[in-house]
Amino acid sequence: MTFPVAKAEMLIRRPVSEVYEAFIDPAITSKFWFTRGSARLEAGKQVQWDWDMYGASAPVQVLELEVNKRIVIHWGTNAEWTFTAQSENETFVTITDSGFEGEAEEVVQQAIGSTEGFTIVLCGLKAYLEHGIQLNLVYDKAPYAHVNKPEVTDEQDDSGEVEFT
């Protein structure tokens, strides 16, 4: 059996250095993906990413970093980001995820879920970096699964961030 590889791609209209940094720095990544990260990504280091609304966390082993080009991690599966400058202010991001385990149907479902999840992450990244808007896509993806439910208001501050109270 050939094992599936999840793949999500998106053009982000920002310089490659800014797009790459958005995945390295948890202070930025938390604006469009997870709630918080324990540290910046560094090759050979382990960090933790938390999704407080779901009561979930993931240990993340950073395997490789090529500045403004590539990120490779292991977090139960093997995920790789590639960053390709299309112009001075355009970056094409490709994320692949592989190494799913289980019976054939489980592996297929994991790959589908990963493709969906990383597509949501890239859409959130695009909105945040291009327009300064936090869409809270990951938060809203599965509201029935929330274990911590802050009230979301439609109030936004000058940065475009939605307030959670």
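In order along region 72-86, the phi-based Karplus estimate (6.51 cos²θ - 1.76 cosθ + 1.60, θ = phi - 60°) of 3J(HN,Hα) comes to 10, 10, 10, 8, x, 10, 10, 10, 9, 9, 10, 10, 10, 5, 8 Hz; Gly and Pro are listed as x.
Phi-derived couplings, Karplus 6.51 cos²θ - 1.76 cosθ + 1.60 at θ = phi - 60°, listed residue by residue for region 21-26: 4, 4, 8, 7, 9, x Hz, with x used for Gly and Pro. Projecting the Cα positions of TYR54, GLY99, THR35 onto the charge dipole of the chain (unit charges on Cβ atoms of Lys, Arg, Asp and Glu, taken about the Cα centre) puts GLY99 furthest along the positive direction.
Dipole size of the chain about its Cα centre, with +1 on Lys/Arg Cβ and -1 on Asp/Glu Cβ: approximately 340 debye, rounded to the nearest 20.
By the count of neighbouring beta-carbon atoms within 10 Å, fewest first, TRP33, TRP49 end up ordered TRP49, TRP33.
Computed 3J(HN,Hα) for region 88-103, one whole-Hz value per residue from the Karplus formula 6.51 cos²θ - 1.76 cosθ + 1.60 where θ = phi - 60°, is 4, 10, 9, 10, 9, 9, 10, 10, 10, 9, 8, x, 5, 10, x, 5, glycine and proline marked x.
Since every read-out is calculated from the coordinates, none of them should be taken as a lab result. Because the structure is predicted, anything quoted here is derived from the model rather than measured. Please note: Cβ atoms are built from the backbone with ideal geometry, for glycine as well, and neighbour counts cover all protein chains shown.
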